[in-house]
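Visitor: Have a look at this one before I ask anything.
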């Protein structure tokens, strides 16, 4: 699976980026015991600490999903906040409109 990353150059620094599929394949091979972290790191040209990070993120996401956390809850919360802010803006617009009408009298 070598050659499965892209090279990104940002502000003069080179950085590899890995696709989600590759990260998942590496993490699963480690979790299944097919490869040790050090061996997977050597085979894929990845730093061991990065594999540990991916593994932790993978397991935490799985735990959160099993616990009932849903990704779209964040969207729902944002939609509620958006609705609340729209109501506030509407109230302020109404107050300004009333204020302008009172000044004209």
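What follows draws every value from the coordinates through simple rules; no lab data is involved. Just so you know, these numbers come straight off a predicted model, no measurement behind them. Note: ideal-geometry Cβ built from the backbone for every residue, glycine included; neighbour counts use all protein chains shown.
Visitor: From 45, 36, 68, 62, grab the single residue that is under 25 Å from residue 22 (Cα atoms) and loosely packed, with under 12 Cβ neighbours inside 10 Å. Spell out the reasoning first.
Guide: On the way: 45 fails: loosely packed, with under 12 Cβ neighbours inside 10 Å; 36 fails: loosely packed, with under 12 Cβ neighbours inside 10 Å; 68 fails: under 25 Å from residue 22 (Cα atoms).
Every option except 62 fails the conditions.
Visitor: Taking the stretch 10-47, which residues are in a loop (DSSP other than H, G, I, E, B) and more than 23 Å from the chain's Cα centre (by Cα)?
Guide: Let us first name the residues in the stretch 10-47 that are in a loop (DSSP other than H, G, I, E, B), namely 11-12, 19, 32-36, 45-47.
Answer for the stretch 10-47, where residues must be in a loop (DSSP other than H, G, I, E, B) and more than 23 Å from the chain's Cα centre (by Cα): 12, 32, 33, 34, 35, 36, 45.
Visitor: Kindly establish whether residue 52 is touching a residue at least 40 places away in the same chain (Cβ under 8 Å) and touching a helix residue (DSSP H, G or I) at 6+ places or on another chain (Cβ under 9 Å). Working first, answer last.
Guide: Working: touching a residue at least 40 places away in the same chain (Cβ under 8 Å): no; touching a helix residue (DSSP H, G or I) at 6+ places or on another chain (Cβ under 9 Å): yes.
Spelling it out, it is not the case that residue 52 is touching a residue at least 40 places away in the same chain (Cβ under 8 Å) and touching a helix residue (DSSP H, G or I) at 6+ places or on another chain (Cβ under 9 Å).
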